1. Name all residues of the range 112-150 having a backbone nitrogen under 18 Å from the label point set 7 Å from the Cα of T159 along its Cα→Cβ direction, giving them as ranges.
2. For the range 118-173 and the range 54-71, what is the separation of their Cα centres, given in Å?
3. Counting other C-beta atoms within 10 Å, which of F136, F46 has the fewest, and how do the rest follow?
Amino acid sequence: MVALLAAVAVLAALAACREQELPPPVRSANTEYGFSIVLPPGWKTFEEKTRDCLASLGATGPDNGLVYVCVRQRPPDFATSQSEFVNCEQIKTYVEETLLGRRVECRTTTVQGRQAYEALYLRDVADAKGAVRKQFVNQTFLLRGDRLYAVTSYAMGTTEAKAHAAFNAHSEVVLRSVLTFFLHNGQGSGPPPQSGRERAQSP
């Protein structure tokens, strides 16, 4: 029993050391489109433009997990109604037809007091070798003028169950990051963004 308690104490001390080794949280900002977010400490950060995102800022973590903000032009027929139900149906159609999502769920939420919409869905994603993997996606959509801000997190797996499990394994740290997303008043405010590079298409 004494040996067991000693082993547990050693493991707890090692876990505490690993937590202490993580760098402190840092708020990353994009000044061109006026937003910022605190990305998960210890994750590999990136900032870039893609063919789909006017700006993309995020971080990758274990098990191909990812959280990022994508700014794009507001799609046509996207949340154009005064009805939340109609807007969710429009968003479901957008996710299914444009992002190739399935089993789409949509619900209303707020970000900084602004109306926003959260979508959860599955996707099939082929890698460079043609192998198809499952992707579980959570996206929060926020509109400002003619811009759509999508705060996205996802995880991947060889099966739907594994993709969901990988997402759940990091859901707490990802949620903490997503909740720090902030739209600044006017574009061009905040600290300068890091330099970026081109990235493949993402949801």
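Read-outs throughout are calculated quantities, based only on the coordinates presented, and are distinct from any laboratory measurement. The structure displayed is predicted, hence computed values, not measured ones. In this analysis, Cβ positions are derived from the backbone assuming ideal geometry, glycine residues included, and neighbour counts consider all displayed protein chains.
1. Flagged as within label range: 122-125, 132-136.
2. 10
3. Result, fewest neighbours first: F46, F136.
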